[in-house]
Amino acid sequence: MAKSVSLHARTSRQHQVVTWRDYYEMTKPNVVMLLLLTALVGMCLATPNWVNAKILICGLLGIGMLSASAAVINHVVDHKIDSVMARTFNRPVAKGKVSINHALWFAGTLGVLGFVVLALFVNMLTAWLTLASLVGYAFIYTMYLKRATPQNIVIGGLAGAAPPLLGWTAVTGEVHSHALLLVLIIFTWTPPHFWALAIHREKDYAKAKVPMLPVTHGVAFTKTSVLLYTVLLGLVCLLPYLTGMSDLIYLIGSSLLNIGFLYYALKLKFDAQPETAMKTFRFSIIHLMVLFVVLLLDHYVPLSL
């Protein structure tokens, strides 16, 4: 009987129709688009003029392909974890729709093409830094840190914070302190962003035996950590203005966004409702998107006190 059920399950997986949407889903398009927005802002802030069209197109294409490659590798490495979590059990590799071998070939093709585009049409510094980000996220974070420490997202967040630096180096061919400030903003933003989701999905992570902070240290401790990191984020977001990198539009916009984030963090800590953690997570995405749009607006519409 058990053999019959197992055979039926394998047969069902074999007859699942694989479409381009399954491969598209593996690239985590929403995440990649957010990364590309921050890379675009890095490009624009690197020059007082408009970004060269070839650098703009090839830079975003190469960074996007390598980011998508890292996302596919994440699907492969995490397919067993994904299969037992409510949020991810329908992912193509976890569901068995796309085989591990096919997913790895897809990831490899995206990665090689992305690296070649950056190396040939942008510059080698950007190509190597983007590849390093892929290794940091897909291998160091996904394969090791995620399973090893509740500080996984803090340490591993550096890879996800790299795109504005990659955009900057694509235009200038060099690392600049202003680009590193943008990296620092995303690096500080990542823990409260992800821990809010982890609070909402704490039982899922516990079931999958992933040592996320709410699982190892409890939800109350994680809520405090979200609040403290949100305060730290507000301070870090002042640095572009204080260093003369940005102007009044950015100061006003970032301050309003950080007040909004702080509101959600305080509510999560002291007056949480069942959906507060997820609302905090969603607002954090809006926070980062709008923050970088404000940086862009401030750059092209200077306004001083």
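Details
- Three principal axis extents describe the C-alpha atoms of region 9-109; from largest down they are 59, 24, 18 Å.
- Gyration tensor (alpha-carbon) shape descriptor, the chain, a/c threshold 1.5: oblate
- In a reduced charge model with +1 at each Lys and Arg Cβ and -1 at each Asp and Glu Cβ, region 171-247 shows a dipole moment near 480 debye about its Cα centre.
- Expected 222 nm ellipticity per residue - DSSP helices of 4 or more, -39500 (n - 2.57), all of the chain, to 500: -23500 deg cm²/dmol
- 0 to 90° range, to nearest 10: angle between helix 53-77 axis and the chain longest Cα axis: 30
- Formal net charge of residues neighbouring ALA68 (Cβ-Cβ distance under 15 Å; K, R +1; D, E -1): +1
- For region 69-162, radius of gyration divided by Kirkwood radius, i.e. Rg to Rh on alpha-carbons: 1.02
- Among LEU248, ALA127, THR27 the positive-end extreme of the charge dipole of the chain (Cβ point charges): THR27
- Assigned charges on the beta-carbon of Lys, Arg, Asp, Glu; the chain dipole about Cα centre (debye): 1300
- Region 284-298 - phi-based ³J(HN,Hα) in whole Hz, Karplus 6.51/-1.76/1.60, Gly and Pro as x: 4, 5, 4, 3, 5, 4, 5, 4, 6, 5, 5, 4, 5, 4, 4
- Amide N of region 90-129 lying under 20 Å from the label point, which is placed 7 angstrom from the Cα of MET143 along Cα→Cβ: 93-94, 99-115, 128-129
- In summary, region 172-252 shows an alpha-carbon radius of gyration equal to 1.40 times the 2.2 N^0.38 Å reference for compact globular proteins.
- Above 18 Å, the calculated P(r) of region 34-93 contains 50 percent of its Cα-Cα pairs.
- Each of VAL18, ILE57, ALA107 was scored by the projection of its Cα onto the charge dipole of the chain, and the greatest displacement toward the positive side belongs to VAL18; charges sit on the C-beta of Lys, Arg, Asp and Glu.
- Rounded to the nearest 20, the Cβ-based charge dipole of region 164-305 about its Cα centre (Lys and Arg +1, Asp and Glu -1) stands at 620 debye.
- Peptide packing for 156-168, 278-290, 181-193 was compared via the average number of neighbouring C-beta atoms within 10 Å per residue; ordered from the highest value, the list is 156-168, 181-193, 278-290.
- Per-residue ³J(HN,Hα) for region 158-168, Karplus 6.51 cos²θ - 1.76 cosθ + 1.60, θ = phi - 60°, Hz, x for Gly and Pro: 4, 5, x, 8, 6, x, x, 5, 5, x, 5
- Shown in residue order for region 171-180 are the 3J(HN,Hα) couplings computed by the Karplus curve 6.51 cos²θ - 1.76 cosθ + 1.60 at θ = phi - 60°: 7, 9, x, 8, 8, 10, 4, 5, 5, 5 Hz (x for Gly and Pro).
- Residue list for region 69-99, given a label point 7 angstrom along the Cα-to-Cβ vector of LYS207 and an amide N cut-off under 20 Å: 75-97
- Formal net charge of residues neighbouring LEU239 (Cβ-Cβ distance under 15 Å; K, R +1; D, E -1): -2
- Efficiency of FRET between ASN101 and ILE285 - r from beta-carbon atoms, R0 30 angstrom, step 0.05: 0.35
- Note on exposure: GLU202, GLU174 ranked by accessible area (1.4 Å probe, complete protein assembly) read GLU174, GLU202, with the most exposed listed first.
- Pairs from the table (LYS28/LYS207; LYS203/LYS223; LYS80/LYS146; LYS28/LYS209; LYS28/LYS97) lying more than 19 angstrom apart at Cα are LYS28/LYS207; LYS28/LYS209.
- Taking the average, over residues, of other Cβ atoms within 10 Å as the packing measure, peptides 80-93, 224-237, 58-71 rank 58-71, 224-237, 80-93 from highest down.
- Computed over all pairs of different Cα atoms, the Kirkwood value for the hydrodynamic radius of region 167-305 is 15.9 Å.
- The peptide list 48-56, 242-250, put in order of mean Cβ contacts within 10 Å with the highest first, becomes 242-250, 48-56.
The values are calculated or read from the model by the stated rules, or taken from the named source; none is laboratory data. These figures come from a predicted structure and were not determined experimentally. Virtual Cβ from ideal backbone geometry, glycine too; neighbours counted across all protein chains shown. Just the protein is used for accessible areas: all its heavy atoms, side chains included, with ligands, DNA and RNA removed. Shrake-Rupley method; radii C 1.70, N 1.55, O 1.52, S 1.80 Å.
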